[in-house]
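The values are calculated or read from the model by the stated rules, or taken from the named source; none is laboratory data. All values reported here derive from a predicted model rather than from experimental measurement. All Cβ positions, glycine included, derive from the backbone under ideal geometry; neighbour counts span all protein chains shown.
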Amino acid sequence: MSEEKILLITGGSRGIGAATARAAGRVGHRVIVNYVSDEKAAKQVVADIEKAGGKASAIKADVGQEADILRLFETIAKQFGRLTHLVNNAGIIGRAGPLVDADPVTLRKVIDLNVTGAILVAREAIKQMSTARGGKGGSIVNLSSMAAALGAPGEYTWYAASKGAIDSFTIGLSREVAKEGIRVNAVSPGLIETDIHAAGGQPDRLQRLAHLTPIGRAGTAEEVAAAILWLLSDEASYVTGSNVRVSGGR
């Protein structure tokens, strides 16, 4: 069995996922870039990693659907061997607004992907990583958000709730699998320069809110990726059940 570090990044074609993929490729991970619709962007991330001397592949799967998750992990096992690292990054926010105006279909999609999907992805990763199941151990980083602590009133209370669930899940899972050689942590980004704000109908959100951070600016996807890479690495070997805030002090 290969000693290669095999890393899956869900939602790895854009934003924080893409930045993490590129950074991981530079430090020797074989990176699996998961995407659901933007094949061109996913292939560009793969090309960037390979151009820098790394190894990467793109696999299409909707991690809001259990059947796609199972197929994704079957493909990983057949093509690359047992997974050793996971960044549970895929997520959506829905259109910004107060809860009273929220579309129930959107609410279900957010919970199905951000919560149920993330939990099922972690479940399948554990099956491949766990020393109790023949794996070599590993590291999982779940993407939370400062919205879980701040609540996102008037904007995305449902998204905040989904990330609050991820915070609780991270604590519980870290304690459940610690003796199986798996560390589980979370990262909570604050205001970060990605296209998620425009997707929620607020392309000017960073400009409006960046002054609220003590540092006085929005962060970059690369700054979040650096925290994720540390948690994945052996340098964080005694860190599990933690949630690292990358939020400029907010």
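For G81, are the conditions met, namely being farther than 15 Å from T10 by Cα and not hydrophobic (A, V, I, L, M, F, W, C)?
Here the answer is yes, as G81 does meet what is asked.
Tell me yes or no: at least one residue of the range 187-198 is modelled with pLDDT under 90 and touching a strand residue (DSSP E or B) at 6+ places or on another chain (Cβ under 8 Å).
yes
Using beta carbons and a limit of 9 Å, which pairs, at least six apart or on different chains, have the first residue in the range 106-134 and hydroxyl-bearing (S, T, Y) and the second one part of a helix (DSSP H, G or I)?
Once the first residue is hydroxyl-bearing (S, T, Y) and sits in the range 106-134, its partners that are part of a helix (DSSP H, G or I) give T106/W158; T116/E66; S130/V177; S130/E180; T131/K179; T131/E180.
Note down all Cβ pairs under 8 Å where the first residue falls in the range 151-179 and is farther than 30 Å from M129 by Cα, the second is of a type in the set (S, T, N, Q), and they're at least six residues apart or on different chains.
Here the result reads G151/T157; E155/Q202; W158/T106, each pair linking the range 151-179 to a residue that is of a type in the set (S, T, N, Q).
Would you point out which residue out of G138, G64, G117, G94 is of a type outside the set (A, V, I, L, M, F, W, C), surrounded by 17 or more Cβ atoms within 10 Å (Cβ to Cβ) and modelled with pLDDT under 95?
G94
Counting just the residues of the range 20-39 that are β-branched (V, I, T) and surrounded by fewer than 24 Cβ atoms within 10 Å (Cβ to Cβ), which one comes out nearest to L231 (Cα to Cα)?
Applying the filter and picking the extreme gives V27.
Testing A42 on (1) more than 15 Å from T10 (Cβ to Cβ); (2) without any contact (Cβ under 8 Å) to a residue 40 or more places away in the chain; (3) hydrophobic (A, V, I, L, M, F, W, C); (4) buried (at least 16 other Cβ atoms within 10 Å of the Cβ), one condition comes back false. Which one is that?
Here A42 meets the rest and fails (1).
Which of the residues belonging to the range 100-140 are basic (K, R) and more than 22 Å from A236 (Cβ to Cβ)?
R108, K109, R123, K127, R133 - these are the residues of the range 100-140 that are basic (K, R) and more than 22 Å from A236 (Cβ to Cβ).
Go through the range 1-111 and tell me which strands (runs of 3 or more DSSP E), entirely inside it, have 1 or more residues that are among the polar types (S, T, N, Q).
30-35, 55-60, 85-88
Within the range 75-97, how many residues turn out to be touching a helix residue (DSSP H, G or I) at 6+ places or on another chain (Cβ under 8 Å) and free of Cβ contacts under 8 Å to residues at least 60 places away in the same chain?
1
How many residues are over 18 Å from N88 (Cβ atoms) and either at pLDDT below 95 or surrounded by 21 or more Cβ atoms within 10 Å (Cβ to Cβ) (or both) when one looks only at the range 45-55?
Residues meeting the conditions: 2.
Residues that are touching a Ser or Thr at 6+ places or on another chain (Cβ under 8 Å) and within 29 Å of L83 (Cα to Cα): find the helices (runs of 4 or more DSSP H) completely inside the range 131-250 holding 2 or more of those.
Of the helices (runs of 4 or more DSSP H) lying wholly inside the range 131-250, those with at least 2 residues that are touching a Ser or Thr at 6+ places or on another chain (Cβ under 8 Å) and within 29 Å of L83 (Cα to Cα) span 157-177, 221-232.
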